[in-house]
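Novice: My structure is below; once you've seen it, I'll send some questions.
The values are calculated or read from the model by the stated rules, or taken from the named source; none is laboratory data. For clarity, every value in this text was computed on a predicted model and none was experimentally measured. Cβ placement follows ideal geometry from the backbone for every residue including glycine, while neighbour counts extend to all protein chains displayed. Heavy atoms of the whole protein, side chains included, go into the accessibility calculation; ligands, DNA and RNA do not. Shrake-Rupley method; radii C 1.70, N 1.55, O 1.52, S 1.80 Å.
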Amino acid sequence: MKKIIISIKPKYVQKIYDGNKIIELRKSIGLSFIQNNKMYIYSSSPKKAITGHAYIDKIERVSKDEIKQYYLDKIAISNEELENYLTDGKKGMMIWLKNIVEYQKPISLAKLKETGFTAPQSYCYVSDALTLLLNENT
């Protein structure tokens, strides 16, 4: 099972660490997005660092209407943000998070690049070289 690095905007990353966001919403996910897999949290620009990790509790594919009705508070986005993100009646992939850990010393993009890492637009999988770095720092 490949470990995942998921790119998230800093304002949402902070909500995860504050406990206000327990679901990450995506339009699509990869095959390794399965229960109990580890996801490293990459806080995108301007932070540009792996700032922690979480484990996948469960994955659900849910309609935009269901998200509006039941999950907006757990996803920690506004109705307007949801409308702009999920267009054309698409369903969203809800990644429920558990065992969330914020690192005291984030791993900077400069340090990550030493392993050949390129910051993902959405997500990527952890390479062998990056695994060594992550194990040293977490």
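Novice: Please state which of the following conditions K105 fails to meet, knowing it meets all the rest: (1) under 15 Å from the mean Cα position of the chain (by Cα); (2) more than 17 Å from Y123 (Cβ to Cβ); (3) assigned to a strand (DSSP E or B).
Specialist: Among (1) under 15 Å from the mean Cα position of the chain (by Cα); (2) more than 17 Å from Y123 (Cβ to Cβ); (3) assigned to a strand (DSSP E or B), K105 violates only (1).
Novice: Sort out which residues of region 17-38 are within 15 Å of Y123 (Cβ to Cβ), of a type in the set (A, V, I, L, M) and buried (at least 17 other Cβ atoms within 10 Å of the Cβ), and write them in order of number.
Specialist: L25, I29
Novice: If you don't mind, there's one more thing I want to ask. Of the residues in region 108-136, how many are assigned to a strand (DSSP E or B) and of a type in the set (A, V, I, L, M)?
Specialist: 0
Novice: In a helix (DSSP H, G or I) and closer than 22 Å to Y17 by Cα - does that describe any residue in region 86-101?
Specialist: no
Novice: In region 57-77, how many residues are open to solvent by less than 50 Å² (accessible area, probe 1.4 Å) and without any contact (Cβ under 8 Å) to a residue 24 or more places away in the chain?
Specialist: Final tally of qualifying residues: 1.
Novice: Mind checking which residues of region 84-107 are loosely packed, with under 12 Cβ neighbours inside 10 Å and acidic (D, E)?
Specialist: D88
Novice: In addition: Can you tell which of I29, I34 is of a type outside the set (D, E), over 12 Å from the mean Cα position of the chain (by Cα) and in a loop (DSSP other than H, G, I, E, B)?
Specialist: From the options I29, I34, the qualifying one is I34.
Novice: Scan region 5-20 residue by residue and report those that are within 15 Å of V101 (Cβ to Cβ) and of a type outside the set (F, W, Y).
Specialist: Passing the criteria: I5, I6, I8, V13, Q14, I16, D18, G19.
Novice: Looking at A110, is it open to solvent by 50 Å² or more (accessible area, probe 1.4 Å) and of a type in the set (A, V, I, L, M)?
Specialist: Spelling it out, A110 is indeed open to solvent by 50 Å² or more (accessible area, probe 1.4 Å) and of a type in the set (A, V, I, L, M).
Novice: Kindly provide the set of residues from region 113-138 that are open to solvent by less than 50 Å² (accessible area, probe 1.4 Å), within 13 Å of the chain's Cα centre (by Cα) and of a type in the set (S, T, N, Q), ordered by number.
Specialist: Correct list: S122 only.
Novice: Within region 39-56, identify whether any single residue is of a type in the set (K, R), surrounded by 14 or more Cβ atoms within 10 Å (Cβ to Cβ), out of contact with any Lys or Arg (no Cβ under 6 Å at 6 or more places or on another chain) and under 19 Å from K9 (Cβ atoms), and answer yes or no.
Specialist: yes
Novice: Additional query: Starting from region 1-23, keep only residues that are closer than 18 Å to Y71 by Cβ and in a helix (DSSP H, G or I), then list their pairs with residues that are open to solvent by less than 40 Å² (accessible area, probe 1.4 Å) and of a type outside the set (D, E, K, R) whose Cβ atoms are within a distance under 6 Å, requiring at least 6 positions of separation or different chains.
Specialist: Cβ pairs passing all conditions: K15/A76.
Novice: Which one of these is touching a residue at least 60 places away in the same chain (Cβ under 8 Å) and either closer than 23 Å to G30 by Cα or out of contact with any Gly (no Cβ under 8 Å at 6 or more places or on another chain) (or both): I100, I107?
Specialist: Only one candidate passes the filter, namely I100.
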